[in-house]
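Peer 1: If you scroll down you'll find the structure; I have some questions about it.
Read-outs: derived from the displayed coordinates by stated rules, not from any lab. Since the structure is predicted, the reported quantities are computational estimates derived from the model, not experimental observations.
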């Protein structure tokens with residue numbers, strides 16, 4: 001899947017985690033967002049809604065474990081933002 005490779009390439013520009021991702025979108029600091037499908041919907045829905053409202057492209061990936069690995073961390077990542 002392309003998204004994981006893209007995340008890995010952008011590792012130095014990542015904001016990891018839902019709280020940080022929401023903050024980044026609110027402050028206009030996110031150029032795009034990646035959300036894991038197997039993460040808690042209540043949490044990821046907030047990120048998705050805010051991203052849509054803020055015109056930030058939102059990409060879905062199937063696994064928070066794989067998303068975390070692509071970010072270079074040992075735990076799953078529900079949401080990741082790429083810094084502007």
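Peer 1: Which distance in Å, rounded to a whole number, links the C-alpha centroids of the stretch 37-63 and the stretch 1-18?
Peer 2: 15 Å
Peer 1: Helix-derived [θ] at 222 nm for the chain: sum -39500 (n - 2.57) over DSSP H runs of at least 4, divide by residue count, nearest 500?
Peer 2: Details: 4 runs with 38 residues, N = 84.
Helix contribution divided over all residues of the chain: -13000 deg cm²/dmol.
Peer 1: Sticking with this structure for a sec: Let me have the relative contact order for the chain, percent, based on Cα pairs under 8 Å that are six or more residues apart.
Peer 2: Details: 159 pairs, mean separation 37.1, N = 84.
In percent, rounded to a whole number, it is 44.
Peer 1: Given the chain reduced to its alpha-carbon atoms as identical point scatterers, what log10 I(q)/I(0) does the Debye formula return at q = 0.26 Å⁻¹?
Peer 2: -1.33
Peer 1: A further question follows. Can you say what percent of the DSSP beta bridges in the chain, counting only those with both residues inside, are antiparallel? Round to 5.
Peer 2: Numbers: 8 of 12 bridges.
Antiparallel bridges make up about 65 percent of those DSSP assigns within the chain.
Peer 1: Once you've got the GNM for the chain with C-alpha springs shorter than 10 Å, pick whichever of 61, 47, 33 has the biggest mean-square fluctuation.
Peer 2: Judging by the Gaussian network model, the answer is 61.
Peer 1: I want to verify a result. In a Gaussian network model of the chain, Cα cutoff 10 Å, which of these has the top mean-square fluctuation: 70, 24, 53?
Peer 2: In the Gaussian network model the winner is 53.
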